[in-house]
Every structure is written in structure tokens, then in C-alpha cells.
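Only one structure is covered here, and it is reproduced in the block below.
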Amino acid sequence: MAFCIESASTNSEATSPDFTFRTWIKSYWEEVPFKLSWLRLDFNYRWWRENREALRNFVLKAASEMNAEQGYMGFGYVNPLGVGAAGDILPYEKQLAKRFYGYHFDKPFYMDSPHPESRPLTFGMNAPTWGTLIGTRWLEKAGGKTTVLTKLNHPRIQVVELPHALWIEAGDDPSLLPVEEGIPPIYSIIAQALKPARAEDLDFLTLGQWDDDDRDVMTPTDSRAWLAWFDPDGSWPTPDARFWQPDPQAGMVRADEVPRPPNVPANTPCPTAGCWFTPAKPDSRRYFKQGEVMPSLGGDYGITIWQWSPDQSVPKL
């Protein structure tokens, strides 16, 4: 059996809604040892900027309570509710992916199958994007939490340790990453750290193609190349189009790429004056003076880790 809930901000099945909530809980196909249940939220970028801290707290709390194995947050296409309409946009998705490294394919319903040799989302991770969650099984496959954390030691990579997972952010904000601006090194660092857990192939088609279908959609060869888009030896979208941005660690730091202070465990002096927050408590953002001891908030979440807030406007008392 399967349990499904879907809700959207439109009554039309032919258009992409502004907001969607979709979840499937699966418990069938006994020949597959790992059952795939998933939750997907779609929302526009403006809403995310206005609610990023609350959403982040929700995602981290949900991932902890559900022992989530993998997750992603970034730019993607919100599929229309109708299956036929969703299939019509496949060529446009490929063109977007060829123009923007920050466009991400995420079709959890179609990436699952009773035939894991053809659609192995339950046997490997999707490619990383701006926000990526890696859970216990995949952490073990990637060499363990300590190994992954060591590989992700970069001032612009934000990592939140959850009880059974790591939440990873590539810089302060998601970006479409136009191909002509080059590949940011931090995305390659994340991709290499998680590569041992990554699936070798995924099916990105909403519907299969018929014999005389001449649309330019993602093929199995395209899918393998896209999954390796941030690898040093990658070829997506073409070998000639790929080049690497300068690494900010080498001293070429843009104004919007100033490294944030590292995370601070509770009962530790604040290293940098400013606004901080912790996933251990919703609406926890507050201003600390340099040297002020950052408290433990307790509760069911576990250890309190304070993080530099993207919003540095001083909270009103």
C-alpha cells in the first residue's frame, strides 16, 4: 500500500503552482530492500528569502525526527499537477540544466522503481545542490561523518550536524549558477565529498518516450553526465563550456562572499559580534556581543549549536 498527500496553490493541472506540498509513504515492492518515502515542498524564491530561517528550522527538525536519508534545497521546475502537462516540459528542463549549473532535477516519484538496477535512487544519492542532506546510510558509504566533515572544511561551506545526518549549504544563498560564470569550487568540494554515495544513473523522465518522439530530453547518457556536473573530470553541458571560478580562499573574494564565522557550540564565548541562531529552537535568532557566552537551550533537539545568521539586522526587543 501507499499513502499520498498532495496540495497546491492552484486548481489547474496544466500550470505550475506557486506552492506545493507533496508526500508519499510507501510500503510495498517487497523485492526492494529499501522503501522510498518522500516529502517535497515547492515555493518561490521571494517567499524563501522572507521565511528562510523558519523553513530551515523546519527542514532540520523534520530531517532529524524522520531520520531522513537524503534531501535537497535549490532551484528547480515546479511540475504541473497533471502527468501529461508535466511530460510536456521535459525539453525545457534539459535546456535549463544546460544553461544553469544551479538547476536541479528532483522527481522522487519517477526516480523510484521496483527495478533498482534502472532507477536506483534507493541505492544512491542525487547530485548535490545548494542545500544537501546526507543521512546515516550514505554517510557510511561516503567514509563516515568525520571523513565527510574533514573534506567539507571550507569557510564558505556551512555544515549542520544532526543526530543521524549532515545538512550542507554551499555559500549563503542558492544561485542558478549560469554556465558562463564558471563552476564555483565549493560545489565541486561538496560533490567530491559525497561522490562515493552518489547514484551512477537516474531516470529524469516524467514519462517514457515513444518510438517517434523527437523531443530533446534527458537520455541515460545525459543523466550520468549531469550527475557528475561538479566533478573535475565532468563533461556537462559540454567539455568546452566548463571552466572553474577562482577559489575565494585564494584571496579573490567578492563582496557577497565574505566567509561567515564558524558554528559555535553552547557555553562557548561568541567569536564575532552579530546575530546568531540555532536549529535547536525556532525563532532563536538573537544578537550576541563578542565574548558573550552563548547559552544551551536544551530540549529534545539535542546539543545546541549556534550559527551565524544570514539576516544581520538587529532583532527588536
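The values are calculated or read from the model by the stated rules, or taken from the named source; none is laboratory data. As the structure is a prediction and not an experimental result, all values here were calculated from the model. With ideal geometry, Cβ positions are generated from the backbone for all residues, glycine too; neighbour counts draw on all protein chains shown.
Taking residues in the range 55-76 that are free of Cβ contacts under 8 Å to residues at least 24 places away in the same chain, and partners anywhere that are part of a helix (DSSP H, G or I) and aromatic (Phe, Trp, Tyr), the pairs with Cβ atoms closer than 7 Å and at least 6 places apart or on different chains are Leu55/Trp48.
Among the numbered criteria (1) of a type in the set (Asp, Glu); (2) at pLDDT 90 or above; (3) touching a helix residue (DSSP H, G or I) at 6+ places or on another chain (Cβ under 7 Å), which single criterion is violated by Glu140? Among (1) of a type in the set (Asp, Glu); (2) at pLDDT 90 or above; (3) touching a helix residue (DSSP H, G or I) at 6+ places or on another chain (Cβ under 7 Å), the lone unmet condition for Glu140 is (3). Trp276 meets each of the listed conditions (1) at pLDDT 80 or above; (2) in a loop (DSSP other than H, G, I, E, B) apart from (2). Within the set of pairs 6+ apart or on separate chains, which have a first residue in the range 256-279 that is outside the structural domain of Ile186 (by TED's automatic domain parsing), a second that is assigned to a strand (DSSP E or B) and modelled with pLDDT under 80, and C-beta atoms under 7 Å apart? Taking only residues 6 or more apart or on different chains, not a single pair turns up.
Per this entry, Leu121 is not counted among residues that are in contact with a Gly (Cβ under 6 Å, 6 or more places away or on another chain), more than 30 Å from Lys281 (Cα to Cα) and either surrounded by fewer than 21 Cβ atoms within 10 Å (Cβ to Cβ) or modelled with pLDDT under 90 (or both).
Candidates Val78, Val83: the one that is modelled with pLDDT under 75 and farther than 20 Å from Ala197 by Cβ is Val83.
Scanning the range 152-182 for residues that are in contact with a helix residue (DSSP H, G or I) (Cβ under 9 Å, 6 or more places away or on another chain) and assigned to a helix (DSSP H, G or I) yields a total of 2.
Candidates are the residues of the range 86-118 that are touching a Leu at 6+ places or on another chain (Cβ under 8 Å) and at pLDDT 90 or above; the one that is farthest from Val159 (Cα to Cα) is Phe100. Is it fair to say Gln290 is modelled with pLDDT under 80 and more than 17 Å from Leu60 (Cα to Cα)? Judged against the criteria, Gln290 is not a match. Of all the criteria given as (1) outside any loop (DSSP other than H, G, I, E, B); (2) touching a Gly at 6+ places or on another chain (Cβ under 7 Å); (3) surrounded by fewer than 16 Cβ atoms within 10 Å (Cβ to Cβ), the one not satisfied by Leu133 is (3).
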